[in-house]
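One structure is given below, encoded as structure tokens.
The values are calculated or read from the model by the stated rules, or taken from the named source; none is laboratory data. Since we're looking at a predicted model, the values are computed, not measured. Backbone-built Cβ (ideal geometry, glycine too); neighbour counts: all protein chains shown. Areas reflect the complete protein model, heavy atoms only, side chains present, ligands, DNA and RNA absent. Shrake-Rupley method; radii C 1.70, N 1.55, O 1.52, S 1.80 Å.
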Amino acid sequence: MIRQSPYILLLLATCIWGGNFVAGKALVEHIPPITLAALRWGIAFLLLLPFYGKQTWRLRAEFLRNWKMLVFLSATGVAGFNTLTYVAVQYTGSINASLMNSATPILVVILTWLVMREKLAWTALPGIFISMAGVSWIISRGSLSALLHLSFNKGDLLMLTAVLCWALYSVGMKKVAGRFPSSPLLLAQVVVALILLIPLSLTEVAVKSPQIAWNSALISGLIYIGLFASIIAFLSWNRAIEILGPQRCAGFLNFIPMFSAIFATAFTGESLRVYHLLGAILIVAGVYITNYAMKKRQTNAA
């Protein structure tokens, strides 16, 4: 059932990534950001290898023929987005980071138009903006003054770069859709990402000499981001892109701040507020309007 429903896959992916935002923000206080990203994908590699290693190896010639696209996907979506996000949250607040992340759907729509020459989805923009309003309402806790008094720093620039990386990754995944089985493709991307991340991580450790206090909570957090956020969520997202395309999937990214707020509320003991409910309603309505407009446009085109 799940494999047949791209909408369930999208909700699953964004729910997991909502938890990843909370877990990552906590973990980066104990582990340097690049090293955290390398550990995350190292765990994903070890988990994927026993199941898909042989299949990935058999496809090595095909991967080598498409090495430019493989490096592009690994550098943007696997290594780039997550590492930049971990670095960004050290310098910027969650409001700024989530606001910039909510701009991803618009970037995906524009990049799909520029790169894949798909007709610009003007009818989807109202839904995207409604969803963004919902995100803004939740992360500002229903305070207009909190949004009006935002200040920006280098962390915001890093987050904006991360958002661009994810938009490029989503469009790139659509271009390779159907060429490779999804799990071996993810394993190949992880291998390339680790080749990029490990030297940077070793340099970071040599410079910062972090004192990591290993405990059960830290290890549990790493397992979460290595298994759920890196494997299950990525496979779900990539499969949904194959079915629906990046433009229709992009709006669902605004569920991430909503799920982040839910998880943060659950784990910090904060009460559920009216602004949470109003923001969630706007996000769901915006995603529905966006997806309906895109589906109607595709039906008319067909």
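Largest accessible area first, the listed residues 276, 30 line up as 30, 276 when surface is computed with a 1.4 Å probe on the assembled protein chains.
Report ³J(HN,Hα) in whole Hz for each residue of segment 279-292, in order, from the Karplus equation J = 6.51 cos²θ - 1.76 cosθ + 1.60 where θ = phi - 60°; Gly and Pro get x. Each residue of segment 279-292 in turn: x, 4, 4, 5, 5, 4, 4, x, 5, 5, 5, 4, 5, 5 Hz. Gap in Å between the Cα centre of segment 27-42 and the Cα centre of segment 239-268? The two parts, judged by their Cα centres, are 22 Å apart. Trypsin sites (Lys or Arg not before Pro), restricted to segment 198-302: which are DSSP loop and have at most 16 other Cβ atoms within 10 Å? Counting only loop positions with at most 16 other Cβ atoms within 10 Å, the trypsin sites (Lys or Arg not before Pro) in segment 198-302 are 273. Principal axis analysis of the Cα atoms in segment 43-117 yields extents of 44, 36, 17 Å, listed in decreasing size. Assign one of three labels to the chain, namely rounded, prolate or oblate, based on the Cα gyration tensor with a ≥ b ≥ c the square roots of its eigenvalues; rounded applies when a/c is under 1.5, prolate when it is not and a/b is larger than b/c, and oblate otherwise. Because a/c hits 1.5 or more and a/b fails to exceed b/c, the chain counts as oblate. Listed cross-link partners 54/175; 174/296; 175/295; 175/208; 174/208 are compared with a 31 Å cut-off, the Cα-Cα value being larger for 175/208; 174/208. Three semi-axes describe the equivalent ellipsoid of segment 193-294; taken as square roots of 5 times the Cα gyration tensor eigenvalues and ordered largest first, they are 33, 23, 12 Å. Please label the shape of segment 99-207 as rounded, prolate or oblate, based on the square roots a ≥ b ≥ c of the eigenvalues of the alpha-carbon gyration tensor (a/c under 1.5 means rounded; beyond that, a/b larger than b/c means prolate, else oblate). Cα axes put segment 99-207 in the oblate bin.
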